[in-house]
Amino acid sequence: MIKLFNNYYADARNIQISILIVFLIIGIAFLHWEIFLLKSLVILVTCLLTQALVIAYLKGNWSTLKSALITALSLIILLKTNFISTAFLISVISIGIKYIFRYNGKHIFNPSNIAIIIGLLFTNDVWVATGQWGSGFEILLLISILGIVVVSKAGRVDTTLTFIVSYFIMQWIRSVWFLHWPVDVMWQTFTGGNILLFSFFMITDPATSPNTRIERIVWAIGIAIVSFVLANFYFVNAAPLWALAIITGVWPLYKLVVNHSKQLSLSKSNAFQKYIFKRHTM
Amino acid sequence: MKKIFLLLSIMLCNVSSKAFCGFYVAKADAKLFNKSSQVIMVRDGNKTTITMANDYIGNVKDFAMVVPVPTVLTENDIFVLKTNLFEKLDAYSAPRLVEYYDENPCNNRYSEERESAIPTIKSVSMNSVAEMDKADLGVTIEAKFSVGEYDILILSATESNGLATWLIQNGYKIPPQANEVLTPYIKSNMKFFVVKVNLEAQQSTGTNKLRPIQLKFESPKFMLPIRLGMANSNGFQDLIIYTISKIGRVECTNYRTAPMPTGQMIPEFIKNDFGNFYQKVFNTTWKNENMNTILLEYAWNISSNNYVKCDPCVGNPPDYNDIADAGANSAGALYFTRLHVRYDRAHYAQDLIFQETPNQQNFQVRYVITHTVTGNLNCTEANAYYKKVLLRRYAEIENLNILTANTYPANRDYIKQYESLYGSPIEDDRKIRAIRKGGFDGGGEINAKQDDTKYTLIGFMIIMLMMVILRMPLNKKL
């Protein structure tokens, strides 16, 4: 028994799958989400099949199916459409796009995130129910405790903390200090299930978040800034989703620039040392 | 049928209430109490049209309203509408009761279906008056005009004390929470739309009723400022929001939207008491949803190319003129949503923010009663029919208890009648036993479901926390 549990606990993805299933059950049973069985099945089967096809074609590792399952569950929770064909299309896009846009051996975009953004942009049949979790103490407890389990296993507590803290600070300065809204406005926003789910489960995907701690902190602050601007000045609904898509899309460019300047400074210092050596030996 | 409708309408006339949007600042020391109101919101791109019902009952001299708006409105942005638009939309989208009639098991007969409906709690009266005064308290009168029977000012203020003083100087009692409520709007550069009644113009309309006011403005934010209305309230207020959108259903983004329970079979004796029944159902659902959820009561595609605008229909669907009056363009796709929110300061810290979603699903709140066959039945199928009715009646009582959390007293004779007809006692089912035991008396509020969920969740969280603490190795890289 214990061995089974150890095996289960060893892979963070197993835990995430179980927790997403728990959320789905809670949402359907207690929060009266309108989740339709056929559409959910279509999303699930499409994601798994597409992933299986890609694995067979690229001769990859079959455990990637777990990632596809996580994507499917996230889509079932987040994606709302009228037509099943749209759900099918979005699922195919979410898995397929992992293999189209890659940088440094990893896929650039978070699959469920970018699929929803593409759906919002290019179809007129996709929407996100940002209020579907509600707010409040129970939601905060539920998502944060379960979230900490997954996030600590994946080694991404820094990302989550940085995002929440920086977003909170910016929002506090604007809402409470500058605009004089009462404090429970902040409580309402930051105990909302959508933002907690986002910060514990979506931005902490190891495949799409940067590798080193410093980079992750910069990345999370970037997402917080973009979310804040989009939500407060452009009144974008589900601003964090857009922010994540933008930052992950722009990140390879940022890395290129950083690497280039590093190389530049490295080569400059090399050239300088050579010059000194030459001068010294002359 | 018409008689039933009339009876139901009369039963539902509620006398007092105030509108949501502004706060009612009374001249006299009248106790201000916001009860319920209705609003129509039409969204088209970035343009919003808000129409506020005004069922003020009282001295029109005492009426006044304050609404925050994002821009300075011009005279072309403000309209006064005819009064029956709200009644029509209310009747069209109200929760409805559907009757079915059992076929006589002894011979063939067509079953008939008829509908009757209840308009929901009628709205509001407002009672205060704003008089104009040009005191320099950082309050600027940006615009001033008369529309219909109303005199309107658009004010901008630099700080809430100034605005509050300005209102006090004009003889209004400001609720103590008003300052806190006004400041965020002033800091966000919003203007204040202040309305009072012009007595001569009102008398010339010939009627005592005040007509709905409509505002049009352009803003990227699709929101409804409900916080002002909470400043002078003594508890919960009801607000019914009708929205018309070209895209699909409208839902709230910062608070949860949940559908009202619908489709249940309920006992026959509800027929003449549907209003009371629905009020209890709403109360129960609202409490079960932790009192901070907006409840969906109706959603339907009312595009002109959609011929089925209701099913069953209890009121006429809005026609071309009604839609134009509400401020919408009836060409192309059109979608109607009815939301019912009951709010107070403790549960709603923010104004409601909405989004138009492409959701095209139709939804209505509909309860079903089935009339049994009356008279003596003398055939072999009669006994089986009695058993069917008895089981169904138990189910109906169970539904009633669940929907109203045992607050609706049920008539024991409802079951007894068919128990005696059937003869032998029905097989004991756990549910039937429970109903027999306690389910008839309407014994009071039972909040078991809500607390149950909460404690289960908390217990679950504690277990998870223990697992995390016990399993997390100390040297694991975080």
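Structure summary
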| read-out | value |
| --- | --- |
| Extension gain, B:Thr158 back to B:Cys313 (0.36 nm per residue minus Cα-Cα distance, nm) | 50.8 nm |
| Gap separating the Cα centres of the stretch B:352-415 and the stretch B:265-340, nearest whole Å | 20 Å |
| Net charge of neighbours whose Cβ lies under 15 Å from the Cβ of B:Thr253, counting Lys and Arg as +1 and Asp and Glu as -1 | +2 |
| Cα pair distances in the stretch A:1-151, grouped into 10 Å bins until the bin that holds the longest one, percent each | 10, 37, 36, 15, 1 |
| Amide proton proximity set for B:Ser303, modelled H, under 5 Å, gap of 5+ | B:Leu334 |
| Where B:Asp344, B:Asp319 fall by accessible area, highest first, once all protein chains stay in place (1.4 Å) | B:Asp319, B:Asp344 |
| Candidates A:Ile25, A:Ile139, A:Ile118: whichever shows maximal mean-square fluctuation once chain A is modelled as a Gaussian network with Cα springs under 10 Å | A:Ile25 |
| Inter-site label distance for A:Leu58 and A:Trp187 at 7 Å from Cα along Cβ, in nm | 4.7 nm |
| Chain A: DSSP helices with Cα axial extent of at least 20 Å and average Kyte-Doolittle hydropathy no lower than 0.0 | A:12-30, A:37-58, A:64-78, A:84-100, A:137-154, A:157-172, A:213-233, A:239-281 |
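The values are calculated or read from the model by the stated rules, or taken from the named source; none is laboratory data. Small disclaimer: the values here were computed from a predicted structure and weren't measured. Using ideal geometry, Cβ is built from the backbone for each residue, glycine included, and neighbour counts are taken over all protein chains shown. Each accessible area value is taken on the protein alone, full model and side chains, heavy atoms only, with ligands, DNA and RNA left out. Shrake-Rupley method; radii C 1.70, N 1.55, O 1.52, S 1.80 Å.
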